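J.: Okay, here's the structure, questions in a sec.
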Amino acid sequence: MTDQGHITLVTGGARSGKSALAERLVARHPGPRIYIATAQPLDQEMADRIVQHQRRRGDLWRCIEEPRDLEGALAASDGQGVRLVDCLTLWLSNCMGSADVGGLVMTLRRQRSPVVLVTNELGQGIVPGNALARRFRDDHGWMNQAVAEAAAEVWMAVSGQPLRLKPAREDVDAGF
């Protein structure tokens, strides 16, 4: 595997272990580690979550806090080390309908340094009860598909266990 421009997507449900898995995947790459945080401490519970993540990572990481301009943060940090973006779900929410997923994918494809991105898997639950929540779920699903298509690797965390989805061991389209 070449490190240059290597894109990895990690998905999973809430408390599935996806952030810890992403950190392990970052450790495969040499050089400095950069954490691009999209979370905002808007309440005490979220502030506590942020502190937990910071403690787990320790002092080996440089942190860039960027809730909305993810393309800018990736462009500015390219060439400075492997980046971990945590998470795309919060970025999409922070952008409140103005997220440029196509622009993000183009930016990812231009990266020279590796990027590991964390996202949630939202589409496996019940259908949301209002139109805004359904639109967010749908936009989120389309975003995940676009980033997964651009990624060289896609992983899913389930109950703390890693499951590699891409590259797959079997081509489901073979023979068609």
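FYI, it's all coordinate maths here, none of it is from the lab. All values derive from a computational prediction rather than experimental measurement. Quick reminder, even Gly has a Cβ in these numbers, built from the backbone with ideal geometry, and neighbours come from all protein chains shown.
J.: For SER93, are the conditions met, namely being in contact with a strand residue (DSSP E or B) (Cβ under 9 Å, 6 or more places away or on another chain) and either among the small types (Gly, Ala, Ser) or farther than 14 Å from THR8 by Cα (or both)?
T.: no
J.: Out of the residues in segment 24-39 that are within 22 Å of ASP69 (Cα to Cα) and out of contact with any strand residue (DSSP E or B) (no Cβ under 6 Å at 6 or more places or on another chain), state the one that is surrounded by the fewest Cβ atoms within 10 Å (Cβ to Cβ).
T.: It comes out as PRO32.
J.: Select, from ARG83, ARG112, ARG137, the only residue that is of a type in the set (D, E, K, R) and touching a helix residue (DSSP H, G or I) at 6+ places or on another chain (Cβ under 6 Å).
T.: On inspection, the qualifying residue turns out to be ARG83.
J.: With the condition kept exactly as written, say whether any residue in segment 88-96 is at negative phi and surrounded by fewer than 16 Cβ atoms within 10 Å (Cβ to Cβ).
T.: no
J.: Right, GLY102: in a helix (DSSP H, G or I), at negative phi, out of contact with any strand residue (DSSP E or B) (no Cβ under 6 Å at 6 or more places or on another chain) and of a type outside the set (Val, Ile, Thr) or not?
T.: Criteria met by GLY102.
J.: Would you check if there is a residue in segment 99-113 being hydroxyl-bearing (Ser, Thr, Tyr) and surrounded by fewer than 18 Cβ atoms within 10 Å (Cβ to Cβ)?
T.: no
J.: For residues that are out of contact with any Gly (no Cβ under 9 Å at 6 or more places or on another chain) and not aliphatic (A, V, I, L, M), scanning just segment 148-172, find the one that is farthest from ARG28 (Cα to Cα).
T.: Only one residue tops the list, namely ASP171.
J.: Counting only residues that are free of Cβ contacts under 8 Å to residues at least 24 places away in the same chain and part of a helix (DSSP H, G or I), how many does segment 26-64 have?
T.: Adding up the residues that qualify gives 13.
J.: So which residues in segment 112-147 are among the hydrophobic types (A, V, I, L, M, F, W, C) and farther than 19 Å from VAL82 by Cβ, if there are any at all?
T.: Once the filter is applied, which keeps residues that are among the hydrophobic types (A, V, I, L, M, F, W, C) and farther than 19 Å from VAL82 by Cβ, segment 112-147 yields LEU122, ILE126, VAL127, ALA131, LEU132, ALA133, PHE136, TRP142, MET143, ALA146.
J.: Residues that are within 19 Å of VAL26 (Cα to Cα), of a type in the set (Gly, Ala, Ser) and not in a strand (DSSP E or B): does segment 124-147 have at least one?
T.: Residues of segment 124-147 that are within 19 Å of VAL26 (Cα to Cα), as a first pass: 147.
From the residues that got through so far, the ones that are of a type in the set (Gly, Ala, Ser) too are none.
No, there is no match, as no residue in segment 124-147 is within 19 Å of VAL26 (Cα to Cα), of a type in the set (Gly, Ala, Ser) and not in a strand (DSSP E or B).
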